[in-house]
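Chemist: Okay, here's the structure, questions in a sec.
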Amino acid sequence: MSINGIIFFRPSILHEEKSYFLIRQNTAQLPTDIKLSYGDTLRVMEPTDLKFTKDKFSFAYPRNVSHFLWLYNTSEFLECNRTLADQMEKKFYIYQNSKQVNLTILPMRNIVYILNKLEKHYWLAGGTLLGWYRHCGLIPYTKDVDFGLFAEEYDENIRNYFLGNPTVYLWGALGLVNDFLEFRLFTGRYTFDLFWAYRENDHRWCGYQAQRVKYRRILPLLPKLCSCDLFGYRFSIPCSPVDYLNNEYGYDLWKNPLEKNYTWTNIEYHSIWDDISWMYAVRLYTSKGELRQDKYAIDWITNHFNYSLKIIPSFLNVLPNEPVTLPPVKN
């Protein structure tokens with residue numbers, strides 16, 4: 001920082017956690033015109049891996065400065081609700097499942113690794129965000145993990161990374177890149193859903209598909225993302241998690257656990273896939289990253305289709321530029 005042309009250096013103390021550093025909020029009295037990059041609020045910082053020595057003192061700096069600054073934009077750190085988490089255990093006898101944690105945290109870290117590397121914003125969404133905030137962990141009786149992403153940041157490198165990935169592979173890509181896109185990743189035990197959120201006026205929406213029917217889940221704009229801790233690792237979350245959960249599940253209704261028959265309060269019917277789009281809206285893949293052309297994959301389309309499709313027409317979820325001819329009508 002500088003005041004009247006004089007440069008001041010204010011060091012921040014790094015509190016080492018399992019996989020990151022915390023920087024506490026500054027409590028010292030400072031002039032009102034001083035703006036701190038660190039110390040303005042509780043923040044998280046990723047470890048740096050380049051060091052040098054000067055006059056017997058060791059220093060570290062980011063290998064990639066622009067990437068460091070990109071991460072800084074989501075570095076504001078939020079705590080889970082420990083009071084609610086204690087209530088889940090003491091009142092409802094819902095405890096963290098160590099086996100579930102062991103089976104999910106590595107794939108989650110793998111997903112976050114590539115999204116951060118590609119500089120694609122993401123956030124813990126749905127029941128995963130609820131698990132972090134309400135349980136300070138995961139919801140023990142769920143079998144999937146949800147991530148939200150900005151549709152305008154879509155990159156085919158994400159698909160390429162998870163095709164045949166040995167840790168968590170792309171099992172299915174549903175929707176089109178520009179409409180209702182969802183990736184379902186699988187480990188053999190757990191599903192990890194990536195939902196792309198499309199901006200529309202003063203909100204976003206992500207798609208939910210039931211057979212050929214398209215539903216929209218309405219989301220806030222999310223102009224800013226923050227960070228949280230989940231089992232000792234940093235993840236991105238909405239900066240207003242309570243507002244996000246109220247929007248998804250109803251005002252304060254999510255504070256009590258409900259294992260069955262819950263509904264989203266932000267979901268609305270949209271439309272039905274037309275015949276041509278439907279041929280390109282479902283792509284299933286093997287654990288080796290190959291496009292599935294087996295009966296199961298074809299039936300997923302033809303069970304809700306009036307045409308006798310014999311082969312999946314393309315590898316990607318994109319409509320071709322040239323005109324498409326529908327296959328013969330079923331007998």
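Chemist: With both bridge residues required to lie in region 82-271, what share of the DSSP beta bridges run antiparallel, to the nearest 5%? If you can, show how the numbers build up before the last one.
Modeler: On the way: 35 of 42 bridges.
If we restrict to bridges inside region 82-271, about 85 percent are antiparallel.
Chemist: Please find the FRET efficiency linking ASP243 to SER287, where r is the Cβ-Cβ separation and R0 is fixed at 41 Å, and quote it to the nearest 0.05.
Modeler: Details: r = 38 Å, r/R0 = 0.94.
So, using R0 = 41 Å, E works out to roughly 0.60.
Chemist: Only helical DSSP H runs with n ≥ 4 go in: add -39500 (n - 2.57) per run for the chain, normalise by residue count and round the 222 nm mean residue ellipticity to 500 deg cm²/dmol. Intermediate results must be reported in sequence, preceding the final value.
Modeler: Working: 8 runs with 77 residues, N = 331.
When only DSSP H runs of four or more count, the value is -6500 deg cm²/dmol.
Chemist: Going by how many other Cβ atoms sit within 10 Å of their own, how do ARG216, ARG234, ARG82, ARG292 line up, fewest first? Could you put the intermediate results ahead of the total?
Modeler: Working: ARG216 20, ARG234 24, ARG82 9, ARG292 16.
Lowest to highest Cβ neighbour count: ARG82, ARG292, ARG216, ARG234.
Chemist: With an 8 Å Cα cut-off and a minimum separation of 6 or more residues, compute the relative contact order for the chain in percent. Could you put the intermediate results ahead of the total?
Modeler: Working: 556 pairs, mean separation 46.9, N = 331.
With pairs under 8 Å counted, the relative contact order is 14 percent.
Chemist: What shape does region 234-295 have by the C-alpha gyration tensor, where a ≥ b ≥ c are the square roots of the eigenvalues, rounded means a/c under 1.5, and otherwise prolate means a/b greater than b/c and oblate the rest?
Modeler: Working: a/c = 2.51, a/b = 1.82, b/c = 1.38.
Cα axes put region 234-295 in the prolate bin.
Chemist: Rounded, prolate or oblate, given the Cα gyration tensor of region 145-276, with a/c below 1.5 counting as rounded?
Modeler: It is rounded, given that a/c, with a ≥ b ≥ c, falls under 1.5.
Chemist: Now, a different point. Work out from phi, with θ = phi - 60° and the Karplus expression 6.51 cos²θ - 1.76 cosθ + 1.60, the ³J(HN,Hα) of each residue of region 292-304, listed in order in whole Hz, and give x for Gly and Pro.
Modeler: Once rounded to whole Hz, the list reads 7, 10, 7, 4, 4, 5, 5, 5, 4, 7, 6, 5, 10.
Chemist: What is the calculated FRET efficiency for ARG24 to PHE92, with r their C-beta to C-beta distance and R₀ = 30 Å, to the nearest 0.05?
Modeler: Values: r = 33 Å, r/R0 = 1.09.
FRET efficiency, ARG24 to PHE92: 0.35.
Chemist: Provide the gained length on full extension for the span SER58 to ASP40, in nm with one decimal, where the gain is 0.36 nm per separating residue minus the Cα-Cα distance.
Modeler: Numbers: separation 18, 0.36 × 18 = 6.48 nm, distance 2.53 nm.
Extra length available between SER58 and ASP40 comes to 4.0 nm.
Chemist: Calculate one ³J(HN,Hα) per residue across region 315-328 by plugging θ = phi - 60° into the Karplus curve 6.51 cos²θ - 1.76 cosθ + 1.60, and present them in order as whole Hz with x for glycine and proline.
Modeler: 7, 10, 9, 9, 6, x, 6, 7, x, 10, 9, 6, x, x
Chemist: Hey, another quick one. Give LYS18/LYS91; LYS143/LYS295; LYS310/LYS330; LYS18/LYS255; LYS99/LYS143 a once-over and call out the pairs whose C-alpha atoms are over 18 Å from each other. The partial results should precede the final answer.
Modeler: Numbers: LYS18/LYS91 30 Å; LYS143/LYS295 26 Å; LYS310/LYS330 11 Å; LYS18/LYS255 29 Å; LYS99/LYS143 12 Å.
Cα-Cα > 18 Å for LYS18/LYS91; LYS143/LYS295; LYS18/LYS255; rest within.
Chemist: Something else now. List the relative contact order of region 241-301 as a percent without decimals, with contacts defined as Cα pairs under 8 Å and 6+ residues apart.
Modeler: 21
Chemist: Using the count of nearby Cβ atoms within 10 Å as a rough guide to exposure, how do GLU182, GLU79 rank from fewest to most? Working shown, then result.
Modeler: Details: GLU182 17, GLU79 10.
Least to most surrounded, the residues fall as GLU79, GLU182.
Chemist: Per the chain: cysteines with no other Cys C-beta under 4.7 angstrom?
Modeler: If one checks each Cβ against the other cysteines of the chain, CYS206, CYS228 turn up with nothing under 4.7 Å.
Chemist: While we're here: If you line up the long axis of helix 126-135 against the longest principal axis of the chain, both from Cα atoms, how many degrees apart are they, to the nearest 10?
Modeler: 40
Chemist: Tell me which label goes with the value of P(r) over Cα pairs in 20 Å bins from 0, in percent computed from the coordinates here: (i) 27, 38, 23, 11, 1; (ii) 32, 60, 7; (iii) 27, 52, 19, 2, 0.
Modeler: Comparing each candidate, only (iii) matches the computed number.
Chemist: Under the rule a/c < 1.5 gives rounded, and otherwise a/b versus b/c splits prolate from oblate, where does region 69-138 land using the Cα gyration tensor? If you can, show how the numbers build up before the last one.
Modeler: On the way: a/c = 3.24, a/b = 1.69, b/c = 1.92.
Cα axes put region 69-138 in the oblate bin.
Here, each number is a calculation from the coordinates, and none is a lab measurement. What you see is a predicted model; the values in this text were computed from it and never measured. We place every Cβ from the backbone using ideal geometry, glycine too, and count neighbours over all the protein chains shown.
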